[in-house]
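I have placed the structure first, in the form of C-alpha cells, so that the comments after it can refer back to it.
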Amino acid sequence: MTDDVTEGTSEVESGAPSLADELLARDKEIAELKDRLLRGAAELENTRRRLDREKADAVAYASTGFARDMLAVADNLRRAVAALPAEGFDAVRTGIEATERELIAVFGRHGIARVESEGLPLDPNRHQAMLEVDSDAHEGGTIVAELQAGYTIRDRLLRPALVSVAKAK
C-alpha cells in the first residue's frame, strides 16, 4: 500500500518542476535571447553606419596631406608675383599668375577654398592672430590684414589664416 501513496504523489510534492514553471522558465529564456538578438542587430547596424561614415570621410578627406603640401606652392606663387618689379617681366608675371589661377581652380575642384579674412571679426576657429595693431579705421577684434592665407577642405580647416587684428580701444 505504500506503493500506492508514492504513485499518487504530485510533481509539486516530489520537488520536480511543474509544467507551468517550466513554461515560464522557457518564456523568460526566449525573452532574454530575443533581447540579445535585437541588441546584437542594433549594434551591427550602428557599426555599419559608423563604417559607412568613416569611409565617406576617408574618401572626402584623403587628399588633405597633399593639399597642405600644395598650399606652400600657392604661397610661393603669390610671393613670386609680389617680388617682380612693377616694370618689365610682364611675360613672367603673366605666366606665374596663370599658374596660380590654375592651381586655385584645381583647389576649387577638390573642395579647397580660401578662408575669408580682411575686414571680418577674428574667428579663432579659422584665423590665428599674429599681431595686434592700432587702427582708427577698424573696430577692436576686426582683422586688419592677412599675413598668410588660410584654407579649408570642404568643412574642415586645412590651415588657419595668419592675420593682424585691430586693438580694442
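Rule-based calculations on the coordinates, nothing more; no lab input. For clarity, every value in this text was computed on a predicted model and none was experimentally measured. Reconstructed Cβ throughout: ideal geometry from the backbone, glycine too, with neighbour counts over all protein chains shown.
Ranked by the mean number of other Cβ atoms within 10 Å of their residues, highest first, the peptides 106-116, 130-140, 39-49 fall in the order 106-116, 130-140, 39-49.
For the chain, a simple Cβ point-charge model (Lys and Arg +1, Asp and Glu -1, everything else neutral) yields a dipole of about 1500 debye relative to the Cα centre. Annotation: extensible slack from R53 through A86 equals 6.8 nm (criterion: 0.36 nm per residue apart, minus Cα-Cα distance). So if I take the centroid of the Cα atoms in the range 74-91 and the same for the range 95-169, what is the distance between those two points in Å? Using only Cα atoms, the two centres lie 20 Å from each other.
If you take all other residues with their beta carbon under 11 Å from the beta carbon of S117, and give Lys and Arg +1 and Asp and Glu -1, the sum is -2. Comparing mean-square fluctuations of I96, I30, I153 from a GNM of the chain with C-alpha springs under 10 Å, the top value falls on I30. For A113 and L44, the FRET efficiency from 1/(1 + (r/R0)^6), where r spans their Cβ atoms and R0 equals 35 Å, is about 0.40.
Label positions at A105 and D27, each projected 7 Å from the Cα along the C-beta direction, are separated by 7.5 nm.
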